[in-house]
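The values are calculated or read from the model by the stated rules, or taken from the named source; none is laboratory data. Note that this is a predicted model, so its numbers are computed, not measured. In case anyone asks, the SASA skips ligands and DNA or RNA and just uses the protein heavy atoms, side chains included. Shrake-Rupley method; radii C 1.70, N 1.55, O 1.52, S 1.80 Å.
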Amino acid sequence: MVNQDPLSMAVSGVVVVVLVDFLRAHQGWGWMRLVQGASAFKDTPGLLFTKVMGSGQNGGFSLRPSSSHQGLICLFDTQQHAEMFSQGPHIQAYQDRSRESWLGILHIDSARGEWDRQRWGATTAACLDQPLDEGLPTAALTRASIRPAKSMAFWRHAPAAQDDLMTAPGCDLAVGLGEAPVLRQATFSLWKNTAAMDAYARSGAHMEAIRAAWKHQFFSESMFVRFVPLIEISAT
């Protein structure tokens, strides 16, 4: 159920992430999803937070937008509502129009920062229908609102960090997402285990980019979330 901390107003729940690569014939339909945004899902039971996001070229982290790749991120109050949504008509419409798709229902392991002034908290037991198994893979979401005056500096660091991510040992999936061109960006990645994710995060170009971001205050708002996937569905 919803868990609100009176100090931080953090919301706990279960997250659904949908990644799609639309067929050419349905790219217009996909574009309309971006135009509609969260309003298309306003009557969905248990839905607490929604982002419909575009992507960079080939689904990467790039200034050049993709005409076919998109992401959908939804926070639900319970696993039951998350699964109902994942099996419902909204998701079926995405899958029917895509050449490739990935869906994950995710337990929030930890979160820091904010997204649209909303904090997320770790998923509570009351949100779940099942206990977590040991040794599951892990996933991460990093998002930020980039200060306009810092955007050029941010994008100088981004390509090297993303190149490293795409080839990082233990990374099974990495996608660049964006709420708006240039200034509101996110990365979602899926890893074999936490050790592989930490090895990437604490080394190389990514560590240099993080240090630069904090030193030069690139972001007006940011959030980092670690997840444990409860259910994964891939379709081609």
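Quick check on the stretch 2-134: what does the Kirkwood estimate of hydrodynamic radius come out to from the alpha carbon pairs, in Å?
15.7
Counting alpha carbon pairs within less than 8 Å and at least 6 residues apart, what relative contact order, in whole percent, applies to the stretch 4-122?
Relative contact order here is 39 percent.
In square nanometres, what is one fourth of the surface area of the convex hull spanned by the alpha carbons of the stretch 80-133?
5.4
From zero outward in steps of 10 Å, how is the percent of C-alpha pairs of the stretch 114-191 spread across the bins?
Each 10 Å bin holds this share of Cα pairs: 14, 37, 32, 13, 3.
Hey, what did the chain get for relative contact order, percent, Cα under 8 Å, at least 6 apart?
Once normalised by length, the contact order is 26 percent.
Roughly how compact is the stretch 61-197, stated as its Cα Rg over 2.2 N^0.38 Å to two decimals?
Taking N as the residue count of the stretch 61-197, the ratio is 1.14.
Along the three principal axes, how long is the stretch 144-230 when you take its alpha carbons, biggest first, rounded to the nearest angstrom?
37, 26, 18
Equivalent ellipsoid semi-axes for the chain, as square roots of 5 times the alpha carbon gyration tensor eigenvalues: give them largest first, rounded to whole Å.
Ellipsoid half-lengths, sorted descending, are 25, 22, 18 Å.
For the chain, what does -39500 (n - 2.57) per DSSP helix run (n ≥ 4), summed and divided by total residues, give at 222 nm, in deg cm²/dmol to the nearest 500?
-8000 deg cm²/dmol
How much of the accessible area of the chain, probe 1.4 Å, is carbon plus sulfur, in whole percent?
C and S fraction of accessible area: 53 percent.
Just the accessible area per residue of the chain, please: how many Å² with a 1.4 Å probe?
Heavy-atom accessible area per residue stands at 50 Å².
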